[in-house]
1. Working out 0.36 nm times the residue gap between GLN72 and LEU28, then minus their Cα-Cα distance, what length gain in nm do you get to one decimal?
2. Here are some pairs, LYS43/LYS71; LYS35/LYS57; LYS36/LYS57; which of them have Cα atoms lying more than 18 Å apart in this structure?
3. By how many nm would the segment from GLU65 to GLN48 grow when fully extended, if each residue of separation counts as 0.36 nm and the alpha-carbon distance is taken off?
4. Arrange ASP32, ASP37, ASP73, ASP26 by Cβ neighbour counts within 10 Å, fewest through most, would you?
5. Go through the range 23-28 residue by residue and turn each phi into a ³J(HN,Hα) via Karplus (6.51, -1.76, 1.60, θ = phi - 60°); whole Hz please, and just put x for glycine and proline.
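Derivation of every value follows stated rules applied to the coordinates shown; laboratory data play no part. In this text the structure is predicted, and so the values were computed from the model without any measurement. Using ideal geometry, Cβ is built from the backbone for each residue, glycine included, and neighbour counts are taken over all protein chains shown.
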Amino acid sequence: MSAGGAFGGNRGVRPVPPEKGVFPLDHLHECDLEKKDYLACLKSTGFQSEKCRQFSKKYLECRMERNLMAKQDMSELGFRSEDVMNTSPDKKNNLESSASGPNEER
């Protein structure tokens with residue numbers, strides 16, 4: 001028999017909690033639109049997350065507004081005011097329209 005746990009893990013090592021602590025899941029789907037916009041952006045940019053920062057910021061803001069995570073200044077989460085300014089409105093609209101599909105209206 002091996003010295004590890006049931007699935008090969010080490011029995012003597014305690015799990016480490018996440019750095020930000022526990023946060024509730026979005027069971028009521030309150031931030032689904034923001035999440036879908038972000039995921040659509042990731043897909044359309046070849047999963048280059050830096051090009052989708054404005055969508056990530058919107059998603060985090062949604063979670064904070066609905067008490068799904070602790071409220072924090074966006075600068076503490078790695079955002080600067082110029083992160084949102086670097087994306088033109090035309091580019092954002094193209095990404096949002098591609099997220100809903102060609103035949104759907106928002």
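1. On the way: separation 44, 0.36 × 44 = 15.84 nm, distance 2.21 nm.
Stretched fully, the GLN72-LEU28 segment lengthens by 13.6 nm.
2. Violating the 18 Å limit, Cα to Cα: LYS43/LYS71.
3. Length gained between GLU65 and GLN48: 3.5 nm.
4. The most exposed by this proxy come first: ASP73, ASP32, ASP26, ASP37.
5. For the range 23-28, the Karplus-derived couplings read 9, x, 6, 8, 5, 8 Hz, x marking Gly and Pro.
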